[in-house]
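Just so you know, all these numbers are worked out from the coordinates, no wet-lab data involved. Small disclaimer: the values here were computed from a predicted structure and weren't measured. Note that each Cβ is placed from the backbone with ideal geometry, even for glycine, and that neighbours are counted across all protein chains shown.
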Amino acid sequence: MIVFAIRRAVLGVLVLVAVALMVFVAIRLIPGDIVNQQLAEAGAVTPELLQEKRAAMGLDKPIAEQFLVWAGGIVSGDLGHSLWTGRPVSAQIGAALLPTLQLSIMAIALGALFGIGAGVLAALWRGTAGDMVLRMLSTVFLAIPQLWLGLLTLTGLALIGYYIPLPYRSFATDPWANFQQVIFPALALSLGVAAALSRLTRSAMLEVTGADFIRAARARGVSSSGLYLGHALKNALIPVITLLGTQFGNLLSGTVIIERIFNVPGLGNLLFEAVAYRDYTVIQAAVLTYGLITIIVNLMVDLSYGLVDPRIREARS
Amino acid sequence: MTTILQENAPRRGSRTLAIFKALLSDPIGCTALVILTLVLALAIFAPIIAQFDPLVQNRRAILQPPSLVHWFGTDDIGRDVFSRVLYGTQISLLVGLMVVIITMVIGGLIGMISGYFGGWVDMIIQRIVEALDTLPSLVLSLFIAAMLGPSVRNVIIAVTLAQIPRFVRVVRSETMKIRGHDFISASRVIGASPLRIMLTHGVPNLMPTMLVLGSLAFGIAIMTEAALSFLGVGTPPPNPSLGTMLSQGTRFIGQAPWLIVFPGLMLTISVLALNLIGDALRDVLDPRNR
């Protein structure tokens with residue numbers, strides 16, 4: 001199990017290096033860099049000035065050398081400085097990471113709660129009106145773009161005369177304001193996750209409840225609720241966990257939009273602003289951070305199979 | 001997924017027709033097809049249906065709620081929201097369609113090559129796909145769209161790149177399944193080239209999977225286009241894009257809800273229809289799901 005975990009982690013790091021390389025090269029292949037933009041804004045562009053500025057930022061060196069300098073910095077914890085504001089990038093990423101993580105963890109928790117709950121209920125109520133309603137809801141929420149759901153939430157809140165307090169407060173400084181700022185975006189994000197999870201939970205539950213070991217447990221006199229929660233759900237959970245992992249990726253995509261809508265100063269907002277100003281160092285770092293989060297989540301999903309299913313644990317060790 | 005097709009496999013044209021007929025006989029699939037056709041018709045015939053030019057401003061009709069004249073109301077510079085929604089849908093569907101076609105061709109090709117040849121070719125392709133797939137799709141699209149600059153063409157490129165990994169992965173595994181069949185070995189024995197095998201056996205057998213994936217990808221592409229336009233790196237104004245309309249609507253959030261409701265509703269209906277078609281296709285094509 002530990003060997004397995006280490007091997008997965010090493011693979012994850014390799015993928016991350018590939019992502020870093022891809023982003024780094026892509027940025028430099030595209031015409032129109034930050035120096036151009038900064039000087040265009042100042043209103044004076046001469047070739048000499050361009051050259052001088054590029055040299056000062058290290059942009060005139062070969063791409064390979066730039067990459068090595070940058071990669072070396074990352075290893076030692078230095079992500080460089082914003083090309084635009086001059087602030088250290090690691091501080092900006094650090095400040096933006098917390099709101100994004102808080103938002104996405106709350107959303108995935110709510111999504112898992114609603115989704116698995118609805119899935120179990122739908123399986124229990126199979127073929128009844130309740131089942132129909134839950135399945136219809138999940139179909140609809142799968143199709144609603146998070147963009148619209150977020151805006152509808154804001155519209156609804158505005159119509160009942162409620163406005164989310166601004167500016168953003170961290171949980172440490174003002175828990176109540178923070179809760180109000182995060183709960184609505186988290187809810188808007190969670191419904192899509194819940195919809196996807198509930199469908200899969202329902203079908204996995206139905207598949208499992210037909211299995212022999214469930215009938216055996218019933219024959220042994222295990223109560224109905226014990227049967228559902230203890231036996232069936234636990235066995236239905238493996239595909240659900242896999243989906244939870246892939247849903248986390250969708251959720252992160254959603255946070256970019258939802259953070260803009262709800263003014264949460266997270267990674268998505270940081271990336272968005274950096275993109276608007278072509279701030280390479282910040283873009284690179286933000287994109288890489290998203291990659292890192294995904295890799296860690298995938299690793300956790302892989303490891304969690306072992307916790308749920310002893311057979312997988314055995315097979316790996 | 002291949003079983004049903006081998007039973008009535010002889011002619012390709014009749015198979016496509018059979019899939020279409022089966023889809024029509026499925027109540028949900030049929031409804032979804034009707035809805036999608038309606039949305040398509042609204043988009044295509046926008047110039048005939050729309051009573052107003054989507055770009056013309058009318059200073060005397062600013063932020064008007066829905067009425068008999070302006071069905072979906074007007075925006076902050078007096079443009080007719082209904083007309084803008086119709087033209088916006090046009091762009092959404094255009095982007096979605098282009099993304100799906102390009103993704104099917106490129107993703108399908110790469111997936112087939114990866115699955116058919118295996119070995120180091122497969123190894124390299126899979127690592128690239130993995131790297132692309134590590135980034136959340138919107139982050140990848142936002143990054144690419146921002147680097148390329150706002151234009152419809154660049155949006156298509158950005159969304160396509162984020163969609164390709166999933167196609168490659170699924171097509172690859174389906175190809176590996178098909179490769180094991182005897183008829184493939186038989187073609188190889190009689191000297192058919194890999195290209196010929198892929199085109200004559202691979203493509204027709206992969207079509208059902210591709211259709212299901214394609215209809216789902218269509219929906220995702222529409223949503224991503226809206227998201228990119230919302231973030232200001234998508235379809236450039238003054239083109240009426242649903243995402244841009246939503247972004248403009250945020251400034252009047254409690255004041256003019258129709259600016260949010262109608263563009264979003266159109267978006268959702270389109271995605272819903274496409275998702276349902278995808279689901280129905282999956283049921284129709286895979287007897288195990290019934």
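For chain B, just list the percent of Cα-Cα distances falling in each 10 Å bin from zero outward, please.
Going out from 0 Å in 10 Å bins, chain B shows 6, 24, 28, 22, 12, 5, 1, 0 percent.
Bin all alpha-carbon pair distances of the range B:114-206 at 5 Å intervals from 0 and give each bin's fraction as a whole percent.
The percentages, shortest bin first, are 2, 13, 18, 17, 14, 12, 10, 7, 4, 2, 0.
Compute the Rg/Rh shape ratio of the protein assembly as shown: radius of gyration over Kirkwood radius, all on alpha-carbon atoms.
Numbers: Rg = 25.6 Å, Rh = 26.3 Å.
In the protein assembly as shown, Rg relative to Rh is 0.97.
On a straight-distance basis, which aspartates and glutamates could pair with B:K21 in a cross-link, Cα separation under 18 angstrom, same-chain partners fewer than 8 positions away excluded?
B:E7, B:D279, B:D283, B:D286
Taking chain B as the reference, fit the longest principal axis to its C-alpha atoms, fit the long axis of helix B:152-179 to the helix C-alpha atoms, and give the angle between the two in degrees, 0 to 90, nearest 10.
Taking Cα atoms only, the helix is inclined about 30 degrees.
Just report the Cα centroid separation between the range B:14-44 and the range A:112-132, whole Å.
Here the two parts' Cα centres lie 29 Å apart.
How large are Rg and Dmax for the range B:152-236 when calculated on the C-alpha trace, in angstrom?
Values for the range B:152-236 (Cα only, Rg and Dmax): 17.4, 56 Å.
Once the Cα atoms of helix B:27-44 and of chain B are each reduced to a long axis, what angle between those two axes, in degrees from 0 to 90 to the nearest 10, is obtained?
Here the helix axis deviates by roughly 50 degrees.
Note down the relative contact order for chain B as a percent, whole number, built from C-alpha pairs under 8 angstrom at least six residues apart.
26 percent.
So which residue, out of B:P208, B:P238, B:P66, gets the largest mean-square fluctuation from a GNM of chain B using Cα contacts under 10 Å as springs?
B:P238
How many partner chain Cβ atoms sit within 10 Å of a residue's Cβ in peptide A:137-147, on average, as a whole number? Please report the intermediate quantities before stating the final value.
On the way: counts 0, 0, 5, 3, 1, 7, 12, 7, 15, 3, 15.
Shielding by partners across A:137-147 averages 6.
What percent do you get for the relative contact order of the range A:98-281 when only Cα pairs under 8 Å and 6+ apart count?
Numbers: 195 pairs, mean separation 64.3, N = 184.
So the answer I get is 35 percent.
What's the Kirkwood radius of the range A:123-189 in Å, using all Cα pairs?
14.2
Quick one: grab Rg to one decimal and Dmax as a whole number for the range A:98-281, Cα atoms only, in Å.
19.5, 67
Would you mind telling me which residue in A:V275, A:V182, A:V256 has the biggest mean-square fluctuation in a Gaussian network model of chain A, where springs connect alpha carbons within a distance under 10 angstrom?
For chain A, modelled as a Gaussian network with Cα springs under 10 Å, the answer is A:V275.
List every residue whose amide H lies under 5 Å from the amide H of A:H81, counting only residues 5 or more places away in sequence or on a different chain, with H placed 1.01 Å from N in the peptide plane.
Here the answer is A:V89, since their amide H atoms fall under 5 Å of that of A:H81.
I'm checking a number: the convex hull volume of the Cα atoms of chain A, normalised per residue, in Å³. What is it?
Hull volume over Cα atoms, normalised by residue count, gives 178 Å³.
Please give the helix B:203-230 orientation as an angle from the longest Cα principal axis of chain B, in degrees from 0 to 90, rounded to the nearest 10.
That works out to roughly 30 degrees.
Only helices at least 20 Å long along their own axis, judged from Cα atoms, and with Kyte-Doolittle mean hydropathy of -1.0 or greater: name those in chain A from DSSP H. Before the final figure, lay out each step's value.
Working: long enough: A:2-29 (41 Å, 2.45); A:89-124 (51 Å, 1.80); A:129-143 (21 Å, 1.34); A:175-209 (44 Å, 0.82); A:234-261 (39 Å, 0.94); A:280-308 (42 Å, 1.57).
Span-like helices, by this rule, are A:2-29, A:89-124, A:129-143, A:175-209, A:234-261, A:280-308.
Can you pull the mean other chain C-beta count within 10 Å for peptide B:276-282?
For peptide B:276-282, the averaged partner shielding equals 1.
Return the distance in nm (one decimal) between the two label points of a simple spin-label model at B:Q255 and A:W125, each offset 7 Å from Cα along Cα→Cβ.
4.2
With contacts defined as alpha carbon pairs under 8 Å and 6 or more residues apart, what's the relative contact order of chain A in percent?
In percent, rounded to a whole number, it is 27.
Between A:V69 and A:R28, what length comes free when the chain is fully extended (0.36 nm per residue of separation minus the Cα-Cα distance, one decimal in nm)?
Using 0.36 nm per residue and subtracting the Cα-Cα distance, I get 13.3 nm.
Which peptide among A:126-139, B:263-276 comes first, and what is the full order, when sorted by highest mean count of other Cβ atoms within 10 Å?
Ranked by mean Cβ neighbours within 10 Å, highest first: B:263-276, A:126-139.
Taking beta carbons within 10 Å but only from partner chains, what does the mean come to for residues B:125-136?
6
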